[in-house]
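Here the structure is laid out as structure tokens; the discussion comes afterwards.
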Amino acid sequence: MKQIAIVALAAGALVLGLTGCGSDKSTDASELRKETSTSAAVKSAAPIASTPAAPVEPPTAAPASTAAVKQTTAPNGAKTTCGEFRNLDGDTEKQVIQQVLAANPGSKFDGSPNVALGTAKLACLASAYTDTPVANAIGAAK
């Protein structure tokens, strides 16, 4: 008798679960996007401008660039500080990281210069590391 009650209870739960999964037309999202005749009438009643708008003219003088020019040479090689590192261009940053890795063999970045470069770029963003050598900031120095 207990088995029949358990089976009936399971069947009832299954039926209730399946009825909850059925489609309900009143909450169908596609109906929200359908255009009704009243909204179409409102759109068509809007006046259309007959004269074009005046063109936008560019400024006569371009504003002066405030971006600092990036350095293309590393002033201190492997002893470059984060403040100096921030002012280097991309190729020079790579050279500095290669110099740092060559000066610190056996560091955790051996064989991973791209990881060292990414770490240096992130670490040197902190103003607290401005006067800290890049090797120390990334943890490559012993």
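Between the amide H of residue 88 and those of 71, distances stay under 5 Å, these residues lying 5 or more places away or on another chain, with hydrogens modeled in the peptide plane.
All other residues with a Cβ under 15 Å from the Cβ of residue 118 taken together, and with Lys, Arg as +1 and Asp, Glu as -1, what is their net charge?
+3
Full extension of the chain between residue 108 and residue 19 gives 26.1 nm of extra length, using 0.36 nm per residue less the Cα-Cα distance.
Test of understanding: what is the full-extension gain from residue 9 to residue 115, defined as 0.36 nm times their sequence separation minus their Cα-Cα distance? Spell out each step's value before the answer.
Values: separation 106, 0.36 × 106 = 38.16 nm, distance 5.96 nm.
That works out to 32.2 nm of additional length.
Accessible area ranking (1.4 Å probe, heavy atoms, ligands and nucleic acids excluded), largest first, for 19, 130, 80, 60: 60, 19, 130, 80.
The values are calculated or read from the model by the stated rules, or taken from the named source; none is laboratory data. Just so it is clear, the model here is predicted, and its values are computed rather than measured. Note that each Cβ is placed from the backbone with ideal geometry, even for glycine, and that neighbours are counted across all protein chains shown. Just the protein is used for accessible areas: all its heavy atoms, side chains included, with ligands, DNA and RNA removed. Shrake-Rupley method; radii C 1.70, N 1.55, O 1.52, S 1.80 Å.
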